[in-house]
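This report refers to the structure that appears directly beneath it.
The values are calculated or read from the model by the stated rules, or taken from the named source; none is laboratory data. The structure displayed is predicted, hence computed values, not measured ones. With ideal geometry, Cβ positions are generated from the backbone for all residues, glycine too; neighbour counts draw on all protein chains shown.
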Ligand code: GAR
(Lines give C-alpha, C1' and ligand atoms only; values in the text may rest on other atoms or scores of the structure.)
Protein backbone atom coordinates (compact mmCIF):
# COMPACT_ATOMS: atom_id res chain seq x y z
CA UNK A 1 0.00 0.00 0.00
CA UNK A 2 1.08 3.59 -0.51
CA UNK A 3 2.66 5.45 2.38
CA UNK A 4 1.30 8.79 3.57
CA UNK A 5 3.27 11.32 5.60
CA UNK A 6 1.17 13.93 7.41
CA UNK A 7 2.53 17.39 8.26
CA UNK A 8 0.92 19.34 11.10
CA UNK A 9 1.56 22.40 13.24
CA UNK A 10 -1.20 22.19 15.86
CA UNK A 11 -3.91 20.03 17.34
CA UNK A 12 -4.05 17.72 14.36
CA UNK A 13 -7.78 17.00 14.21
CA UNK A 14 -7.59 16.59 10.43
CA UNK A 15 -4.55 14.33 10.85
CA UNK A 16 -6.57 12.11 13.21
CA UNK A 17 -9.37 11.77 10.66
CA UNK A 18 -6.87 10.91 7.92
CA UNK A 19 -5.16 8.29 10.10
CA UNK A 20 -8.48 6.76 11.14
CA UNK A 21 -9.56 6.53 7.50
CA UNK A 22 -6.50 4.55 6.38
CA UNK A 23 -7.56 1.08 7.54
CA UNK A 24 -9.04 -2.03 5.98
CA UNK A 25 -9.19 -1.92 2.20
CA UNK A 26 -7.92 1.67 2.02
CA UNK A 27 -5.02 1.74 -0.46
CA UNK A 28 -2.73 3.76 1.84
CA UNK A 29 -1.35 3.72 5.35
CA UNK A 30 0.06 6.55 7.49
CA UNK A 31 3.85 6.24 7.88
CA UNK A 32 4.78 9.36 9.89
CA UNK A 33 3.31 12.52 11.44
CA UNK A 34 5.76 15.42 11.39
CA UNK A 35 5.35 18.81 13.04
CA UNK A 36 7.39 22.00 12.78
CA UNK A 37 6.23 22.73 16.33
CA UNK A 38 7.73 20.27 18.86
CA UNK A 39 4.86 21.04 21.29
CA UNK A 40 2.06 20.44 18.78
CA UNK A 41 -0.73 18.54 20.51
CA UNK A 42 -1.18 16.40 17.43
CA UNK A 43 2.17 14.67 18.00
CA UNK A 44 0.96 13.11 21.27
CA UNK A 45 -2.28 12.08 19.61
CA UNK A 46 -0.40 10.47 16.70
CA UNK A 47 1.86 8.54 19.08
CA UNK A 48 -1.20 7.33 21.00
CA UNK A 49 -2.50 5.95 17.70
CA UNK A 50 0.79 4.15 17.12
CA UNK A 51 2.06 6.41 14.33
CA UNK A 52 5.76 7.38 14.36
CA UNK A 53 6.31 11.11 14.88
CA UNK A 54 9.01 13.61 14.06
CA UNK A 55 9.46 17.25 15.08
CA UNK A 56 11.57 19.66 13.05
CA UNK A 57 11.46 23.00 14.84
CA UNK A 58 11.71 25.74 12.20
CA UNK A 59 12.92 28.39 14.66
CA UNK A 60 16.61 27.37 14.98
CA UNK A 61 16.90 27.74 11.20
CA UNK A 62 16.10 31.45 11.41
CA UNK A 63 14.96 32.52 7.98
CA UNK A 64 16.81 29.72 6.19
CA UNK A 65 13.87 27.99 4.58
CA UNK A 66 16.07 25.76 2.42
CA UNK A 67 18.02 24.41 5.42
CA UNK A 68 14.74 23.81 7.30
CA UNK A 69 13.30 21.93 4.34
CA UNK A 70 16.48 19.88 3.87
CA UNK A 71 15.98 18.68 7.42
CA UNK A 72 12.30 17.96 6.70
CA UNK A 73 13.36 15.92 3.67
CA UNK A 74 15.99 14.02 5.67
CA UNK A 75 13.54 13.10 8.45
CA UNK A 76 10.79 12.17 6.03
CA UNK A 77 13.20 9.96 4.09
CA UNK A 78 13.40 7.49 7.02
CA UNK A 79 9.75 6.65 6.35
CA UNK A 80 9.74 6.71 2.53
CA UNK A 81 6.38 8.41 2.09
CA UNK A 82 4.79 8.28 -1.36
CA UNK A 83 2.37 11.10 -0.58
CA UNK A 84 2.41 14.08 1.79
CA UNK A 85 -0.74 15.52 3.33
CA UNK A 86 -0.53 19.00 4.83
CA UNK A 87 -3.06 19.13 7.68
CA UNK A 88 -2.88 22.48 9.41
CA UNK A 89 0.82 22.81 8.54
CA UNK A 90 1.47 26.53 8.91
CA UNK A 91 4.83 26.98 7.15
CA UNK A 92 5.05 28.17 3.56
CA UNK A 93 7.07 25.68 1.49
CA UNK A 94 9.63 26.71 -1.11
CA UNK A 95 9.23 26.03 -4.81
CA UNK A 96 12.14 23.59 -4.61
CA UNK A 97 10.48 21.47 -1.89
CA UNK A 98 7.11 21.59 -3.61
CA UNK A 99 8.66 20.42 -6.90
CA UNK A 100 10.14 17.40 -5.11
CA UNK A 101 6.57 16.36 -4.26
CA UNK A 102 4.99 17.43 -7.51
CA UNK A 103 1.55 15.87 -7.84
CA UNK A 104 2.01 13.96 -4.56
CA UNK A 105 1.32 16.65 -1.93
CA UNK A 106 -2.18 17.61 -0.80
CA UNK A 107 -3.35 20.45 1.42
CA UNK A 108 -6.61 21.32 3.13
CA UNK A 109 -7.49 24.99 3.25
CA UNK A 110 -10.41 26.44 5.24
CA UNK A 111 -12.06 28.43 2.45
CA UNK A 112 -13.80 27.92 -0.85
CA UNK A 113 -10.71 28.47 -3.00
CA UNK A 114 -9.87 30.49 -4.99
CA UNK A 115 -11.41 32.79 -2.36
CA UNK A 116 -9.41 33.72 0.74
CA UNK A 117 -5.98 32.22 0.22
CA UNK A 118 -3.67 32.66 3.20
CA UNK A 119 -4.76 33.36 6.77
CA UNK A 120 -7.92 34.54 8.60
CA UNK A 121 -10.20 32.94 6.05
CA UNK A 122 -13.32 32.88 8.22
CA UNK A 123 -13.08 36.51 9.34
CA UNK A 124 -12.60 37.53 5.73
CA UNK A 125 -15.64 35.51 4.57
CA UNK A 126 -17.76 37.20 7.27
CA UNK A 127 -16.39 40.66 6.48
CA UNK A 128 -17.28 40.15 2.82
CA UNK A 129 -20.90 39.35 3.70
CA UNK A 130 -20.72 35.89 2.09
CA UNK A 131 -23.69 33.58 2.63
CA UNK A 132 -21.60 30.42 2.35
CA UNK A 133 -18.14 29.29 3.40
CA UNK A 134 -16.31 26.00 3.25
CA UNK A 135 -13.07 24.15 2.71
CA UNK A 136 -10.97 22.90 -0.18
CA UNK A 137 -8.49 20.08 -0.70
CA UNK A 138 -5.99 20.87 -3.42
CA UNK A 139 -2.73 19.70 -4.90
CA UNK A 140 0.14 21.82 -3.63
CA UNK A 141 1.93 23.91 -6.24
CA UNK A 142 4.54 26.61 -5.61
CA UNK A 143 2.01 29.45 -5.44
CA UNK A 144 0.29 29.60 -2.03
CA UNK A 145 -3.11 27.83 -1.85
CA UNK A 146 -3.27 27.87 -5.64
CA UNK A 147 -3.02 24.27 -6.86
CA UNK A 148 -5.71 22.25 -8.67
CA UNK A 149 -8.75 21.74 -6.45
CA UNK A 150 -9.55 18.07 -5.80
CA UNK A 151 -12.67 18.58 -3.70
CA UNK A 152 -14.66 21.17 -1.79
CA UNK A 153 -17.40 21.23 0.83
CA UNK A 154 -19.74 24.13 1.55
CA UNK A 155 -21.49 25.26 4.74
CA UNK A 156 -24.02 28.07 5.32
CA UNK A 157 -23.02 31.27 7.10
CA UNK A 158 -25.54 32.33 9.75
CA UNK A 159 -26.18 35.98 10.70
CA UNK A 160 -24.96 35.45 14.27
CA UNK A 161 -21.72 33.72 13.20
CA UNK A 162 -18.34 34.69 14.56
CA UNK A 163 -15.07 33.57 12.96
CA UNK A 164 -14.93 30.96 15.71
CA UNK A 165 -18.41 29.53 15.19
CA UNK A 166 -17.87 29.47 11.44
CA UNK A 167 -14.49 27.76 11.82
CA UNK A 168 -16.12 25.04 13.91
CA UNK A 169 -18.81 24.45 11.27
CA UNK A 170 -16.23 24.30 8.48
CA UNK A 171 -13.97 21.97 10.48
CA UNK A 172 -16.74 19.36 10.64
CA UNK A 173 -16.74 19.36 6.84
CA UNK A 174 -12.93 19.28 6.66
CA UNK A 175 -12.99 16.07 8.68
CA UNK A 176 -15.33 14.49 6.13
CA UNK A 177 -13.80 15.96 2.98
CA UNK A 178 -10.10 15.30 3.48
CA UNK A 179 -10.34 11.50 4.02
CA UNK A 180 -12.74 11.22 1.09
CA UNK A 181 -10.46 13.13 -1.28
CA UNK A 182 -7.33 11.31 -0.08
CA UNK A 183 -8.96 7.93 -0.63
CA UNK A 184 -9.96 8.79 -4.19
CA UNK A 185 -6.57 10.38 -4.88
CA UNK A 186 -4.63 7.35 -3.64
CA UNK A 187 -6.85 4.99 -5.60
CA UNK A 188 -6.04 6.87 -8.78
CA UNK A 189 -2.34 6.94 -7.99
CA UNK A 190 -2.29 3.22 -7.10
CA UNK A 191 -4.04 2.46 -10.40
CA UNK A 192 -1.26 4.29 -12.23
CA UNK A 193 -3.49 7.15 -13.24
CA UNK A 194 -1.43 10.35 -13.05
CA UNK A 195 -3.18 13.30 -11.43
CA UNK A 196 -2.14 15.96 -13.92
CA UNK A 197 -3.80 19.35 -13.44
CA UNK A 198 -6.22 18.71 -16.29
CA UNK A 199 -7.25 15.39 -14.74
CA UNK A 200 -7.48 16.95 -11.33
CA UNK A 201 -10.13 19.36 -12.54
CA UNK A 202 -12.31 16.50 -13.73
CA UNK A 203 -11.55 14.58 -10.60
CA UNK A 204 -12.65 17.55 -8.51
CA UNK A 205 -16.01 17.57 -10.24
CA UNK A 206 -16.40 13.83 -9.72
CA UNK A 207 -15.47 14.18 -6.06
CA UNK A 208 -17.99 16.95 -5.51
CA UNK A 209 -20.80 14.99 -7.13
CA UNK A 210 -19.84 11.84 -5.21
C1 LIG B 1 -7.74 23.47 9.81
O2 LIG B 1 -8.89 24.25 9.85
C3 LIG B 1 -7.04 23.65 8.47
O4 LIG B 1 -7.93 23.79 7.39
C5 LIG B 1 -6.28 24.92 8.70
O6 LIG B 1 -5.79 24.81 10.02
C7 LIG B 1 -6.68 24.01 10.78
C8 LIG B 1 -5.89 22.90 11.43
O9 LIG B 1 -6.67 22.20 12.37
N10 LIG B 1 -5.23 25.07 7.75
C11 LIG B 1 -4.76 26.26 7.36
O12 LIG B 1 -5.19 27.32 7.77
C13 LIG B 1 -3.64 26.17 6.34
N14 LIG B 1 -3.19 27.49 5.98
P15 LIG B 1 -6.21 20.76 12.86
O16 LIG B 1 -4.76 20.89 13.35
O17 LIG B 1 -7.14 20.45 13.99
O18 LIG B 1 -6.35 19.81 11.72
Exercise. Pairs, please: C-beta under 9 Å, at least 6 apart or cross-chain, first residue closer than 11 Å to residue 5 by Cα and away from the ligand (no atom under 16 Å from the Cβ) and in region 71-90, second part of a helix (DSSP H, G or I) and at pLDDT below 95?
Worked result: 82/189; 83/189
Problem set entry | Matching residues, region 93-114, being assigned to a loop (DSSP other than H, G, I, E, B) and within 9 Å of the ligand (Cβ to nearest atom) | 110, 111
For this session: Please give the number of the condition residue 133 fails out of (1) surrounded by 18 or more Cβ atoms within 10 Å (Cβ to Cβ); (2) near the ligand (Cβ under 9 Å from one of its atoms); (3) in contact (Cβ under 8 Å) with a residue 24 or more places away in the chain; (4) more than 13 Å from the chain's Cα centre (by Cα).
Result: (2)
Exercise. Mind checking whether some residue in region 89-105 is farther than 20 Å from residue 66 by Cα and touching a strand residue (DSSP E or B) at 6+ places or on another chain (Cβ under 6 Å)?
Worked result: no
Seminar exercise, completed: With criteria (1) within 24 Å of residue 68 (Cα to Cα); (2) more than 10 Å from the ligand (Cβ to nearest atom); (3) free of Cβ contacts under 8 Å to residues at least 40 places away in the same chain; (4) more than 13 Å from the chain's Cα centre (by Cα), residue 40 comes up short on (2)
Exercise. What is the number of the single condition among (1) farther than 12 Å from residue 145 by Cβ; (2) without any contact (Cβ under 8 Å) to a residue 24 or more places away in the chain; (3) within 11 Å of the ligand (Cβ to nearest atom) that residue 121 does not meet?
Worked result: (1)
For this session: Give the residue, chosen from 56, 33, 16, 45, that is at pLDDT 95 or above and away from the ligand (no atom under 16 Å from the Cβ).
Result: 56
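For (1) closer than 19 Å to residue 7 by Cβ; (2) in contact with a strand residue (DSSP E or B) (Cβ under 8 Å, 6 or more places away or on another chain); (3) modelled with pLDDT of 95 or more, each residue gets a yes or a no:
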residue: 143; (1), (2), (3): yes, no, yes
residue: 156; (1), (2), (3): no, yes, yes
residue: 161; (1), (2), (3): no, no, yes
residue: 175; (1), (2), (3): yes, no, yes
residue: 180; (1), (2), (3): no, yes, yes
residue: 188; (1), (2), (3): no, no, no
residue: 191; (1), (2), (3): no, no, no
residue: 199; (1), (2), (3): no, no, no
residue: 203; (1), (2), (3): no, yes, no
For this session: Count, please, the residues in region 119-135 that happen to be part of a loop (DSSP other than H, G, I, E, B) and touching a strand residue (DSSP E or B) at 6+ places or on another chain (Cβ under 9 Å).
Result: 1
